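Single-structure report; data block below.
Every read-out reported here was derived from the displayed coordinates using simple, explicitly stated rules and does not represent laboratory data. Here the structure is a predicted model, which means the values were calculated and not measured. Please note: Cβ atoms are built from the backbone with ideal geometry, for glycine as well, and neighbour counts cover all protein chains shown.
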Amino acid sequence: MEEKGYLHQIHPVLPVWDVIEALDFYVNRLGFRIAFADDAKNPKYAGILRDDVEIHLQWHDKKMWDADIDRPMLRMVSQNIEALYDEFSKVEVFHAHTLLRETAWGTREFAFYDPFKNGLTFYRDVSGA
């Protein structure tokens, strides 16, 4: 019998124009920790971890970004969504329209943007499915 391939994890790469600023945001405001960086003083590529989530941050020249739209959007499955919402509300990362809400598709979620306009949505299933 032939062995089948298995997908284990995904590590999305978010474009940022300043990796140090991105590390500061994700580590000091969202509670991630640095997993690695390609350079200790001036990184162009780094990885961050929190619980079972790993995100990579990659430098891109800001001049290449003509629009504030068409940015990546990450959806992260979360436990204790209310506690996570409370934690993030205390570090002032939300925009004016960030709310913890139940959706028509059976989730309880909230979303906001990082300083580089990458979208972050945190959610849990409430549909019982």
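Note on residue 102 and residue 6: the model spin-label points, each 7 Å out from Cα along the C-beta direction, lie 3.6 nm apart. Computed from the C-beta positions of residue 70 and residue 44 and an R0 of 25 Å, the FRET efficiency is 0.65 to the nearest 0.05. On the basis of the beta-carbon distance and an R0 of 25 Å, residue 126 and residue 33 show a calculated FRET efficiency of 0.30. Across the chain, the mean sequence separation of Cα contacts (distance under 8 Å, 6 or more residues apart), normalised by length, yields a relative contact order of 22 percent. Listed values (i) -0.33, -0.72; (ii) -0.37, -0.78; (iii) -0.28, -0.66 include one computed from this model; for log10 I(q)/I(0) by the Debye sum over Cα atoms at q = 0.10, 0.15 Å⁻¹ that value carries the label (ii). The lysines within cross-link reach of residue 44, meaning a Cα-to-Cα straight distance under 17 Å and a gap of 8 or more places when in the same chain, are 62, 63. Its relative contact order, with pairs defined as Cα atoms under 8 Å and 6+ residues apart, puts region 56-111 at 22 percent.
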